[in-house]
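A quick write-up on the structure given underneath.
No lab work stands behind these numbers, since they all come straight from the coordinates. Just so it is clear, the structure is predicted and the values come from calculations on it, not from any experiment. Quick reminder, even Gly has a Cβ in these numbers, built from the backbone with ideal geometry, and neighbours come from all protein chains shown.
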Amino acid sequence: MPHTGHILHGRYAVVSCHVERPLDDEAWTRFAALQERRPWRFTIAALMRPPAPGEDEERWLERAREAQARGPLGLHTHWTAPDHARPTGGDPAALVREQGAWLRAKGLDVEFFCGGGWYMDEDVAEAVAELGYTDCTATAFRPDYLAPDAPHLQLDEPARLELPSGRGLLELPTTHSIGMLARGLIGPFRRPVVHAYFHDTDLLDPRRRAVLRVALAFLGMKRTASDLGELQRGFRPEKTMSFANSRA
Ligand SMILES: [Zn+2]
């Protein structure tokens, strides 16, 4: 596989939000205002958890359309429950296909995926690739709550993953939490892309909001602000690897 090189050159940062509680009015109002304001020129991607049974689909769709008008939109699957992200059984890929088909039928232009609790397996990766999404589930850090053998992708820079079906999946890993950035942990990170994430629920807590402000300011001063959509269109990872080799 020849190196295609970067179309975008430089050191970028992008920011995404895991929208865990899209139907919580306070969390949503705060997230919407932040996304609208584009702090430090960051266009924040909304990676939204779809409505669970019993939640208001119409209001969810209204909010997803608003988010899509302000920035990149992604699917953030929670397999078990709104407050339990990782799967506990069943067929994880089937739920991703079902949610992707529903979003498409509703006319939403979803381009990204992030597995809840950083869950990813080969079948889910195939489903994400079939839907044409770019994946953000890999992390550069090891989430400390995961058991050593828990399915998870670990990558510290964008890569093209080759799947057993022959499909390719663009992976733009999540590299930093806002807590890591606020502690100044970006310093030794020499990769071209920092992808920082936070949760909408962080916006409900004054202390977490302060951490986010510090983190975004730090990132905005150190890196060129970009967004997931721009990276998806203009960034060609130098690395191609098989899905199996990206398993941590
Ligand atoms: Zn989540």
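Using only Cα atoms, figure out Rg for segment 111-179 and give it as a multiple of 2.2 N^0.38 Å. Don't jump to the answer; show the numbers that get you there.
Values: Rg = 11.6 Å, N = 69, 2.2 N^0.38 = 11.0 Å.
Here the answer is 1.06, to two decimals.
Above 23 Å lies some portion of the pair distances; for segment 113-236, what is it as a whole percent of all C-alpha pairs?
Numbers: 2673 of 7626 pairs.
Taking all Cα-Cα pairs of segment 113-236, the fraction more than 23 Å apart is 35 percent.
Once Rh is set to the Kirkwood radius over Cα pairs, what Stokes-Einstein translational diffusion coefficient, in µm²/s, holds for segment 4-246 at a temperature of 37 °C and a viscosity of 0.692 mPa s? Each step should come with its number before you reach the end.
On the way: Rh = 17.9 Å.
It diffuses with D of about 183 µm²/s by this estimate.
Between segment 109-162 and segment 218-237, what is the separation of their alpha carbon centroids in Å?
So the separation of the two Cα centres works out to 19 Å.
Could you tell me which residue out of Thr80, Pro164, Gln99 lies farthest along the dipole of segment 62-168 toward its positive end? Charges go on the beta carbon: Lys and Arg +1, Asp and Glu -1, centred on the Cα centre.
Positive-end residue among those listed: Gln99.
By how many nm would the segment from Ala101 to Asn245 lengthen if fully extended, with 0.36 nm per residue of separation less the alpha-carbon distance? Please report the intermediate quantities before stating the final value.
On the way: separation 144, 0.36 × 144 = 51.84 nm, distance 2.90 nm.
Value of the extension gain: 48.9 nm.
Between Gly54, Pro143, Met120, whose Cα lies farthest towards the positive end of the dipole of the chain when Lys and Arg beta carbons carry +1 and Asp and Glu beta carbons carry -1, centred on the Cα centre?
About the Cα centre, the residue reaching furthest to the positive side is Pro143.
So what are the ³J(HN,Hα) numbers for segment 67-84, from phi and the Karplus equation (6.51, -1.76, 1.60; θ = phi - 60°), rounded to whole Hz, Gly and Pro as x?
The phi angles translate into 5, 5, 6, 9, x, x, 10, x, 9, 10, 7, 9, 6, 9, 6, x, 9, 9 Hz.
Restricting the count to DSSP beta bridges whose residues both fall in the chain, what percent are antiparallel, rounded to a multiple of 5?
Details: 6 of 37 bridges.
Percentage antiparallel, nearest 5: 15.
Based on DSSP H runs of at least 4 residues, each adding -39500 (n - 2.57), what is the mean residue ellipticity at 222 nm of the chain after dividing by all its residues, to the nearest 500 deg cm²/dmol?
Values: 7 runs with 79 residues, N = 248.
Helix contribution divided over all residues of the chain: -9500 deg cm²/dmol.
Relative contact order (percent) for the chain, with alpha-carbon contacts under 8 angstrom and 6 or more residues of separation?
Values: 474 pairs, mean separation 70.4, N = 248.
For the chain, the relative contact order is 28 percent.
Once fully extended, how much extra length lies between Ala94 and Tyr145, figured as 0.36 nm per residue of separation less the alpha-carbon to alpha-carbon distance? Don't jump to the answer; show the numbers that get you there.
Working: separation 51, 0.36 × 51 = 18.36 nm, distance 2.51 nm.
Here the segment from Ala94 to Tyr145 would lengthen by 15.9 nm.
Answer rounded, prolate or oblate for segment 1-90, using the Cα gyration tensor with square roots of eigenvalues a ≥ b ≥ c: rounded when a/c is under 1.5, else prolate when a/b is larger than b/c, else oblate. Don't skip to the answer; put the middle values down first.
Values: a/c = 2.57, a/b = 1.39, b/c = 1.85.
It comes out oblate by the Cα gyration axes.
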